[in-house]
1. Return the unpartnered cysteines for the chain, using a Cβ-Cβ cut-off of under 4.7 Å.
2. As I understand it, the value is the acute angle between the Cα axis of helix 195-226 and the longest principal axis of the Cα atoms of the chain; what does it come to in degrees, rounded to 10?
3. Pairing the Cα long axis of helix 114-129 with the longest principal axis of the chain, what angle in degrees results, from 0 to 90 and rounded to the nearest 10?
4. Apply the Karplus parameterisation 6.51 cos²θ - 1.76 cosθ + 1.60, with θ equal to phi minus 60°, to every residue of the range 352-365 and state each ³J(HN,Hα) to the nearest whole Hz, in sequence, with x for glycine and proline.
5. Along the charge dipole of the range 23-114, which of Ala27, Gln38, Thr74 sits closest to the positive end, that is, farthest toward it, with unit charges on the beta carbon of Lys, Arg, Asp and Glu (+1, +1, -1, -1)?
6. Let me confirm the definition first: pairs of Lys residues in the range 1-156, 8 or more apart or on different chains, C-alpha distance under 25 Å. How many are there?
7. For the range 14-29, just list the computed ³J(HN,Hα) in residue order, Karplus coefficients 6.51, -1.76 and 1.60, θ = phi - 60°, integers in Hz, with x standing in for Gly and Pro.
8. What are the principal axis extents of the Cα atoms in the chain, in Å, biggest first?
Amino acid sequence: MTGAAHAQMSGEAGARVRPITREVVNAYAAMLQLDPQQKSAVKELHLGYLASIRAAMKDGNTAWRACGDDPEPTRKARCRAEALMKFVGAARASESQWFADVGAVLRSEQAGLMERVAMARARELARRHTIAGGARADPELIIAELGIARAGAVAEALDECAAQADRHAKAQVRLMQRFFEMVDANRAEGRQNDPADLSRLIRELGEESFKVQDINSRTLRQVMDVVPEERRDDIARAAKRLSFPTVYAPTPFEGMFSRALRLADLSADQRAELEALGVRHAREADSVRSVWAGAVGEQQRRLADLGLVALATLGEASRDVTESHTRMRDLDARSMARLTSLLTDDQRAALGVPDKPPEMNTLRDMLPEIGKDQEATERELAEGGSP
């Protein structure tokens, strides 16, 4: 999937279509309690599903490139919008057919479990375009990631969360579909988007996503009340990381620090100094990230309340976010300098070159999924489907 024309097509398509991944198929298989033969059949169906989307993408890409031959910009834009809408329609039809085919594989006692799969798919799609960061902190994901048993009071809390969040997650998916359908239809007809319509959809999306955030937060508190005390901090950290992934992403120092602790030739004094440095850095980083996450959360709330107006005034409203970026970069540079001073030349060479610090992007902090859709879509369609 190379070439400028295709990159643009797949980029716009990726924002509208996220294929069902191999990992998700395995999760669905567990939810549906499939036996080995059923699981094999579902994976074969998944291969066919991905093949159908690849074919639709190939047809759409051909049509998209053909649009580039039109010298008139309006006609070119209309042509590309039509190609894009055709691909999106084909991809949605393929997904609906896959779910129907999976349903046909099930035994009668398993059929009722398909509703849980449909709810999980809605939550997955909703997380892509949510405005409220906490709506990404899905308790089901956190419990599975941490290996906490889904039983007893934990299972009851998760089931209640899924039931309560389902309506709002599905509303988010419908709103985003309406958003893109409106944008694409306007482009196909040569019309400008109405800012009032866009703002209304953004505000409605924000309202639904903050409801999911509230449900997730309440559920996580319920779960933390019944799990062993030593797991509560793990849950809180995972929720923060999912809610604000750019804020809590590992910094270059943190990545280098982890590798340094694994060096086989560290002396006892070096290890003690490194561990003390790690404690100091973590303490300061937690303080910076707390302010940073709070500022990003305020921006997300402004977007939900104001719609496009919030995006138009993003630079004016992001002082705390900008200052947090600067404070984290400065802290990381100081910690990195101290780390390298504790190591020998050979040890520094063994660690290699540290990662570059990320560029400041206040919009990405607020909406971290931006730009990931194209990457995820291309990766899934390129990797060949279910193992």
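The values are calculated or read from the model by the stated rules, or taken from the named source; none is laboratory data. Note that the coordinates shown come from a computational prediction; the quantities given were computed from them, not determined experimentally. Here the Cβ positions follow ideal geometry from the backbone for every residue, glycine too, while neighbour counts run over all protein chains shown. In case anyone asks, the SASA skips ligands and DNA or RNA and just uses the protein heavy atoms, side chains included. Shrake-Rupley method; radii C 1.70, N 1.55, O 1.52, S 1.80 Å.
1. Cys161
2. 50
3. Value to nearest ten degrees: 70.
4. Each residue of the range 352-365 in turn: x, 7, x, 5, 6, x, x, 6, 5, 8, 5, 5, 5, 4 Hz.
5. Thr74
6. So the count works out to 4.
7. Values per residue, Gly and Pro as x: x, 6, 9, 10, 10, x, 5, 8, 4, 4, 5, 4, 5, 5, 5, 4 Hz.
8. Principal extents (Cα only, largest first): 66, 57, 43 Å.
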